[in-house]
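Single-structure report; data block below.
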Amino acid sequence: MTRIDRITHMEALFDKSEEVIRRLETALEDFAALQPAIAELEAYYTSPQWRKDFEADEAGKLPKDLKRGVLSEDGLWNLLGDWERLKGITKL
């Protein structure tokens, strides 16, 4: 590898590293800003109201075109679990 090739290669690594670190920094800021929304989702999921909404969905009482991923037991449970796992990694 010539000096020019080496410097060009290292410059590409440098640029890629800077880009990924900037994106991660932004993602971590966005993740931290989610804390109030996650707290609200968790409070809803553990409330009697969620169970009532879930049962209404199961009984077909909600409009068919209503987006309701929040009523998916696994979906919301997994989201909250992912939050906790990532929170531990990021030390939030």
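Some observations on this one:
- Computed from backbone phi, the HN-Hα couplings of the range 57-70 come to 5, 4, 7, x, 8, 9, x, 5, 8, 6, 5, 8, x, 5 Hz, rounded to whole numbers (Karplus: 6.51 cos²θ - 1.76 cosθ + 1.60, θ = phi - 60°; Gly and Pro given as x).
- Extension gain for Ala32-Met1 works out to 6.8 nm (0.36 nm per residue, less the C-alpha to C-alpha distance).
- Point-charge dipole on Cβ atoms (K/R +1, D/E -1) for the range 1-74, about Cα centre, debye to 20: 140
- Tilt relative to the chain, helix 3-33 - C-alpha long axis, 0 to 90 degrees, to 10: 20
- Cα centroid separation, the range 76-92 to the range 45-71 (Å): 24
- Placing a label point 7 Å from the Cα of Ser47 along the Cα-to-Cβ line, the residues of the range 70-92 whose backbone N sits under 18 Å from it are 70-73, 76-77, 80.
- GluC sites (Glu not before Pro) restricted to DSSP loop in the range 21-91 with at most 10 other C-beta within 10 Å: none
- Helix 35-45 and the long axis of the chain differ in direction by around 30°, with both axes built from C-alpha atoms.
- Listed values [x] 1.03; [y] 0.94; [z] 1.30, entry calculated as Rg/Rh (Cα atoms, Kirkwood Rh): [z]
- Gain in span if fully extended, Ser17 to Asp74, counting 0.36 nm per residue against the direct Cα distance: 17.0 nm
Rule-based calculations on the coordinates, nothing more; no lab input. All of these numbers come straight from a predicted model, not from anything done at the bench. Cβ sites come from the backbone with ideal geometry, for glycine too, and all protein chains shown count toward neighbours.
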